[in-house]
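For reference, the structure is listed below as structure tokens.
Just so it is clear, none of the values below were taken in a lab; they were calculated from the coordinates. This is a predicted model, so every value here is computed, not measured. Cβ: placed from backbone, ideal geometry, glycine included. Neighbour counts: every protein chain shown.
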Amino acid sequence: MKLTKSYLQKKADIAIINGKIITVDKNFTIQQAVAIKNDRIVGVGTNKQIEDLIGINTHVIDLEGKTVLPGINDTHIHATLFGGTRPPLSLDVGYPEVRSIKDIRNMV
């Protein structure tokens, strides 16, 4: 288990156990559990290893085999494309809708 030195003697705020923790290290290691203290990951390893970081005030989340992908933010959404192709964000200024500069001014 990897531990941040400054947190070795402290208990985690959150412990996530019984899961598949994709670490995204150089070997894409999959672990069982992760411990978090002050918004930082302070330990990743087996349930047994993370157990040492669980105190009476630690919020424990049992993943029941589910997967965690830390640090992944998926901003790929089509809603913005949809909205950007519809009025009022998008105007059809092509022929035959628009035949003159006056038509463009009126549309805008």
Quiz item: Taking 0.36 nm per residue of separation and subtracting the Cα-Cα distance, what length does fully extending ASP39 through ASN27 add?
Solution: 1.9 nm
Quiz item: Around LYS20, what is the net charge, scoring Lys/Arg as +1 and Asp/Glu as -1 over all other residues with Cβ under 12 Å from its Cβ?
Solution: 0
Quiz prompt | Amide H within-cut-off set for GLY43, under 5 Å, with H built and near neighbours excluded | solution = ALA35
Quiz item: What aspartates and glutamates could a cross-link reach from LYS10, if we take a straight Cα to Cα line under 17 Å and drop same-chain neighbours fewer than 8 places away?
Solution: ASP39, GLU51, ASP52
Exercise. Taking the Cβ of ASP39 as the centre, find all other residues whose Cβ is under 14 Å away and add up their charges (Lys, Arg: +1; Asp, Glu: -1).
Key: +2
Quiz prompt | Rough spin-label spacing in nm, given labels placed 7 Å along Cα→Cβ, for ASN18 and THR67 | solution = 2.0 nm
Quiz item: Tell me, what HN-Hα J-couplings in whole Hz come from the Karplus equation 6.51 cos²θ - 1.76 cosθ + 1.60 at θ = phi - 60° for each residue of segment 32-40, using x for Gly and Pro?
Solution: 8, 8, 9, 10, 10, 9, 6, 6, 10
